[in-house]
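**Q** Have a look at the structure that comes next, please.
The values are calculated or read from the model by the stated rules, or taken from the named source; none is laboratory data. Given the structure is predicted, the values throughout are model-derived calculations rather than measurements. Counting neighbours? That spans all protein chains shown, and the Cβs are built from the backbone with ideal geometry, glycine included.
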Amino acid sequence: MLMMASVAIVLLILSVAVLPSAAQLPRSSYGEGETLGLAGRAVEAVLARERPPHCSVILLTDGTTSATTVFTEIEWMRTPLGLAMFEVTTKVLGANMTQAQPPWMVDEVRRLRQVSGCVTLVVVSDDPAFLAASAEWSLKGRLLTWPNKLLAVTRRPLQDLPHLYTSFSMMNAMLITLDATGTSTRCSIYVHLPYSPRELQVERVALWSTQRGLKLTTPHLPLFPNKFSRFPYGPIFTVASEEFPPHVVKNLSQKAGEPLSFGGPLAQLLQLLAHNFNFSYTFVRPPDGKWGTKEADGSWSGMVGMVGRKEVDLGLGPFGVSATRAEVVDFTRSVLIDTLRIMGGVGRPEVDPWGFLLPLGPLVWTAILAALLVVTGVVWLLSLCLIRETRTRSGEREPTDGFFLYVRVLLQQDTRGLPGERWLERLVLGSWMVMTLVLTKSYAGNLMSMLAVRYIPQPYQSLRDVLDDPSVTMIWEAGTVYIQYLRAVESGIFREVMDSEEDGRLIYTTTTGYLEAAQTLVVGGRHVLVVEDLTGRVIMADHFSLTGKCDFYASRELFLPVFLSMIGQKDHPIVSALSKSIKYVNEAGFYGYWRKHLSINSTRCVRPPTKITVNTSLSFTNVWGMFVVLAGGHAVALLLLCLELLIVPYLQTQETSPSLSPQAIKLHI
């Protein structure tokens with residue numbers, strides 16, 4: 001492979017036919033000799049000083065450099081990872097090459113960069129259009145990231161190249177202009193500084209001459225300076241922002257007529273970045289109040305659309321990171337990770353009518369029934385083994401007598417011992433009475449305590465709970481990364497969420513309408529608000545500050561975690577520069593500190609109680625479950641009585657009727 005060569009120089013000479021809109025480049029007429037031949041030593045000096053040893057070199061020419069010059073001058077470009085050369089030729093006159101699509105050469109160069117890790121692209125041309133086009137191709141084709149360098153070499157004077165500022169100022173690029181007179185050669189090396197006054201947009205950082213070699217002329221600017229570490233002239237950025245508590249909140253101290261301003265931890269982070277990078281900013285709101293989603297016609301709404309169309313420089317957000325949004329904007333390093341929760345209104349305190357079953361758990365009730373069966377079985381076996389002739393007043397002892405004896409003890413009814421009881425039976429009965437006494441006293445005490453408890457319903461703990469209740473309407477924020485995802489998913493529970501929109505069970509709001517929606521719709525219990533966890537806490541805290549009540553709860557289920565970041569224009573180097581500072585802020589814990597100290601009562605309603613105690617008289621609605629059990633027991637007893645009245649006389653008739661002998665039958669016949 002090309003880039004795997006350890007010491008050899010690999011030379012690729014490719015001719016690329018640009019689209020028919022390109023122009024035929026004229027041969028150089030600026031003195032004798034070719035540009036690459038005259039400026040080769042200057043390029044060698046720059047690369048020797050600034051090229052990392054693990055980077056390769058890619059040479060791009062416009063067809064005016066001869067093969068002889070190339071093979072003569074490539075010796076100074078030796079690199080362990082190899083050298084590639086691309087020659088781009090054009091055929092049609094009079095067209096603007098900067099409007100042409102990047103040729104397939106860009107794809108090949110990108111592959112070489114991916115293999116080598118980093119590259120230094122050397123562009124040699126005396127045609128301003130070709131220089132501008134090569135820079136545009138590098139940006140459009142994502143050829144050069146910031147660690148990669150672009151070095152343009154030309155004999156055009158600086159005043160002929162004003163159109164290079166836009167692209168060169170956004171790249172890690174420098175320009176070498178050649179001044180060859182007689183036998184001496186001198187080169188000036190310039191850098192294009194972003195966000196600079198017009199007269200200071202281009203600054204010379206070094207000079208090279210055949211006599212003195214390479215000399216820096218600006219002490220504060222080295223070769224290939226990091227132009228986005230700090231801006232010396234203090235540019236003014238336009239930042240799209242909207243309220244998003246707790247990250248971005250409205251500045252309550254703002255007066256009428258003053259410029260728009262925001263507070264909150266994310267606004268504090270932006271202020272810190274502005275101080276470090278020496279820029280100022282102004283806020284603008286999105287006209288539709290949305291974060292931004294891709295519409296059916298391919299356009300983008302909200303703040304993502306504003307940044308993607310380059311109407312603003314940055315989007316404060318924070319914005320959920322997604323592959324769809326990454327098509328039009330770049331994300332900074334994530335500020336935090338958040339997840340969605342369901343925020344619902346708590347119900348009114350109520351008594352569970354079946355609360356008399358709660359003092360004992362289901363396992364205890366099962367154990368009591370099992371113990372009753374075991375004890376009566378043991379006693380019955382003892383009676384079979386030890387008692388041979390036990391009789392009652394009406395005959396032998398019935399097998400069910402022992403069972404009902406222990407049931408009467410459990411229900412605290414009066415009872416008598418069985419006839420002919422032995423001491424083992426009395427011992428078992430006494431143990432059962434002690435156990436029953438302890439059990440009933442515990443039950444009575446717990447029941448008295450639980451009758452004073454009011455339960456606060458929190459019915460919706462998951463999306464499934466909400467979807468299964470057709471009377472509940474969900475409220476989602478419009479124009480977010482979550483809605484973009486829900487629209488794209490084709491199956492599963494989130495598909496069901498989007499399908500519920502057709503039934504009128506899904507409505508949208510904006511971040512500025514969160515609190516109003518919660519206080520007017522959610523508190524009634526027929527709506528739930530699907531919101532980020534941190535934002536939901538702020539809504540609860542603000543509601544408590546206004547009313548002194550915790551009327552909302554957050555679900556136990558968390559879903560759709562997302563990275564939240566700021567955004568910048570696509571392929572803009574300031575995004576990566578801001579990301580480094582954001583990393584340091586997060587590692588120092590500043591953002592979490594700002595967020596926790598943003599608002600009062602932030603944790604007051606995070607976990608509202610599900611049970612409360614009251615001191616009041618009981619009503620029928622509180623204990624109707626016990627009356628249901630009583631009525632059910634009487635109904636079963638009445639049914640058994642009726643069956644007994646019908647069946648017992650019939651059985652007695654059958655037992656007392658005389659049996660007919662064969663002689664009686666013959667006589668009767």
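**Q** For the condition under 22 Å from residue 334 (Cα atoms) and crowded, with 20+ Cβ neighbours inside 10 Å, what is the one hit in 277, 262?
**A** The match here is 262.
**Q** Identify the single condition in (1) charged (D, E, K, R); (2) in contact with a Ser or Thr (Cβ under 6 Å, 6 or more places away or on another chain); (3) buried (at least 21 other Cβ atoms within 10 Å of the Cβ) that residue 532 does not satisfy, given that it satisfies every other one.
**A** Tallying (1) charged (D, E, K, R); (2) in contact with a Ser or Thr (Cβ under 6 Å, 6 or more places away or on another chain); (3) buried (at least 21 other Cβ atoms within 10 Å of the Cβ), residue 532 fails exactly one: (2).
**Q** Taking interchain pairs and intrachain pairs at least six residues apart, which have beta carbon atoms under 6 angstrom, with the first residue in the range 189-211 and closer than 21 Å to residue 132 by Cα and the second of a type in the set (Gly, Ala, Ser) and in a strand (DSSP E or B)?
**A** Hits for this filter: 189/206; 204/188.
**Q** Where in the range 526-596 are the strands (runs of 3 or more DSSP E), entirely inside, with at least 3 residues that are within 28 Å of residue 323 (Cα to Cα), among the aliphatic types (A, V, I, L, M) and touching a strand residue (DSSP E or B) at 6+ places or on another chain (Cβ under 7 Å)?
**A** Working: elements: 527-532, 552-554, 559-569.
Filter on the range 526-596 gives 527-532, 559-569.
**Q** Would you be able to tell me the number of residues in the range 487-522 that are in a helix (DSSP H, G or I), in contact with a strand residue (DSSP E or B) (Cβ under 6 Å, 6 or more places away or on another chain) and surrounded by fewer than 18 Cβ atoms within 10 Å (Cβ to Cβ)?
**A** Within the range 487-522, residues that are in a helix (DSSP H, G or I), in contact with a strand residue (DSSP E or B) (Cβ under 6 Å, 6 or more places away or on another chain) and surrounded by fewer than 18 Cβ atoms within 10 Å (Cβ to Cβ) number 1.
**Q** I'm trying to understand the selection: among the residues of the range 220-236, which are more than 19 Å from residue 192 (Cβ to Cβ) and out of contact with any strand residue (DSSP E or B) (no Cβ under 6 Å at 6 or more places or on another chain)?
**A** Scanning the range 220-236 gives no hits.
**Q** Report whether or not residue 460 is in contact with a helix residue (DSSP H, G or I) (Cβ under 6 Å, 6 or more places away or on another chain), at pLDDT 70 or above and of a type in the set (Ser, Thr, Tyr).
**A** yes
**Q** Another one. Keeping to the range 307-361, report how many residues are at pLDDT 90 or above, part of a loop (DSSP other than H, G, I, E, B) and buried (at least 17 other Cβ atoms within 10 Å of the Cβ).
**A** Residues meeting the conditions: 9.
Residue-wise test of (1) among the charged types (D, E, K, R); (2) surrounded by fewer than 10 Cβ atoms within 10 Å (Cβ to Cβ); (3) touching a helix residue (DSSP H, G or I) at 6+ places or on another chain (Cβ under 9 Å); (4) modelled with pLDDT under 75.
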residue: 376; (1), (2), (3), (4): no, no, yes, no
residue: 381; (1), (2), (3), (4): no, no, no, yes
residue: 389; (1), (2), (3), (4): yes, yes, no, yes
residue: 393; (1), (2), (3), (4): yes, yes, no, yes
residue: 408; (1), (2), (3), (4): yes, no, no, no
residue: 415; (1), (2), (3), (4): no, no, yes, yes
residue: 422; (1), (2), (3), (4): yes, no, yes, yes
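**Q** Among the residues of the range 233-259 satisfying the criterion of being at pLDDT 90 or above and among the hydroxyl-bearing types (Ser, Thr, Tyr), which is surrounded by the fewest Cβ atoms within 10 Å (Cβ to Cβ)?
**A** 238
**Q** Got at least one residue in the range 542-555 being within 19 Å of the chain's Cα centre (by Cα), of a type outside the set (Gly, Ala, Ser) and modelled with pLDDT under 90? Quick ask: steps written out before the conclusion?
**A** Filtering the range 542-555 down to residues within 19 Å of the chain's Cα centre (by Cα) leaves 554-555.
Filter once more, so that each one left must be of a type outside the set (Gly, Ala, Ser): none.
Scanning the range 542-555 turns up no residue that is within 19 Å of the chain's Cα centre (by Cα), of a type outside the set (Gly, Ala, Ser) and modelled with pLDDT under 90.
**Q** Which of the numbered conditions does residue 173 fail, given that it passes all the others? Conditions: (1) surrounded by 16 or more Cβ atoms within 10 Å (Cβ to Cβ); (2) closer than 29 Å to residue 286 by Cα; (3) small (Gly, Ala, Ser).
**A** Single failed check for residue 173: (2).
**Q** Is the range 513-530 home to any residue that is at pLDDT 90 or above and more than 28 Å from residue 287 (Cβ to Cβ)?
**A** Looking through the range 513-530, at least one residue is at pLDDT 90 or above and more than 28 Å from residue 287 (Cβ to Cβ).
**Q** Kindly check whether there is at least one residue in the range 296-304 that is among the small types (Gly, Ala, Ser) and part of a strand (DSSP E or B).
**A** There is no residue in the range 296-304 that is among the small types (Gly, Ala, Ser) and part of a strand (DSSP E or B).
**Q** Still on this structure: So, in the range 46-87, exactly how many residues are surrounded by fewer than 19 Cβ atoms within 10 Å (Cβ to Cβ) and either outside any loop (DSSP other than H, G, I, E, B) or modelled with pLDDT under 75 (or both)?
**A** Total satisfying the criteria: 15.
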